[in-house]
Amino acid sequence: MSADFINEAIQAALNGNWEKAVELNEKILRGDKKDVDALNRLGRAYMELGKLNKAREIFNLILHNIDPYNQIASKNQAKLKSACYKKKSMPAEKDLTLPHANLPSSFIEEPGRTKTVSLVNLASPTTLTTLCAGQTVYLEAKHHSIHISDSNGNYLGSLPDDIGKRLNTLVHAGNTYEACIRSASNNIVIFIREVSRAKKYYQVPSFSNGSCDHFEPPPEEVHEPAKTGEEEDEPLPPSISAIHQDEESEESQ
């Protein structure tokens, strides 16, 4: 089977065209009944179409007869037992998006504390087709950005620069976050929730209400709890200091 034909099957899955994905992967399997990649794609397509028994049969076939240690089949088999696939049937949608009510209970919209974000610089299509709406993901603060990974540490994508730089500063200061996949189809959309704030930025919301997520430091009139001993304030990052200098210049005019 040509690489182009395989890529077409992968693209059908990424686009959420699950009927087409079934058709293409079945054609691939006519040439090689033990093509594990095609079997995994077919099983995933059946999952999205709500044909859970067929999906289970395929993953069992892989794990019992072809590749007992296949991680993709194992993960998808586990997903069939998770909250994502508790219902016996699921609507065949192009965009697998959890309705708001079906998000984990901790993922409730809170202004300044939560945000829905589309990832950029995505991982390979093979990795993305194994993801499930509602799946927990993790934020990893890099030098100037935030990478998103799954529970096994596999890279999935990164946050856009404006949000990534903001959260990078906050994470390094001590803020903590939790996140889950909101939508997994031709792109990956995640839901991020602030869990706790660092003492230094206890008055700074993680996400601004406007269209731009520029960093906004606490107002000068808001003071942190008094420090004891000879403890000195930690210098603000250059970007935050610059904002304070701009504010002081405006006040003196």
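So, counting K/R as plus one and D/E as minus one, what does the shell of residues with Cβ under 12 Å around LEU131 add up to?
On the way: positive: ARG44, LYS75, LYS79, ARG182; negative: GLU48, ASP150.
Every neighbour counted, the sum reads +2.
Tell me, LEU52, LEU63, LEU156 in order of fewest to most beta-carbon neighbours within 10 Å? Provide the component values of the computation, followed by the final result.
On the way: LEU52 18, LEU63 15, LEU156 23.
Result, fewest neighbours first: LEU63, LEU52, LEU156.
Compute the length gained on full extension between GLU23 and ASP161: take 0.36 nm times their separation in residues and subtract their Cα-Cα distance, giving the result in nm to one decimal.
Values: separation 138, 0.36 × 138 = 49.68 nm, distance 3.85 nm.
Additional length available on full extension: 45.8 nm.
So which of LYS75/LYS165; LYS33/LYS54; LYS54/LYS75; LYS54/LYS115; LYS81/LYS115; LYS79/LYS165 end up more than 25 Å apart, counting from Cα to Cα? It would help to have the intermediate numbers written out before the result.
Values: LYS75/LYS165 32 Å; LYS33/LYS54 16 Å; LYS54/LYS75 16 Å; LYS54/LYS115 36 Å; LYS81/LYS115 28 Å; LYS79/LYS165 33 Å.
Over 25 Å Cα-Cα: LYS75/LYS165; LYS54/LYS115; LYS81/LYS115; LYS79/LYS165.
May I ask you to derive the FRET efficiency for ASN152 and THR126 from their Cβ-Cβ distance with R0 = 22 Å, giving the value to the nearest 0.05?
Working: r = 14 Å, r/R0 = 0.65.
E between ASN152 and THR126, to the nearest 0.05, is 0.95.
Taking a ≥ b ≥ c as the square roots of the eigenvalues of the Cα gyration tensor of segment 3-85, is the shape rounded (a/c under 1.5), prolate (a/b larger than b/c) or oblate?
Working: a/c = 1.89, a/b = 1.18, b/c = 1.60.
The shape class here is oblate.
Since every read-out is calculated from the coordinates, none of them should be taken as a lab result. Please read these numbers as outputs of a predicted model, since none were measured by experiment. All Cβ positions, even for glycine, are placed from backbone atoms using ideal geometry, and neighbour counts span all protein chains on display.
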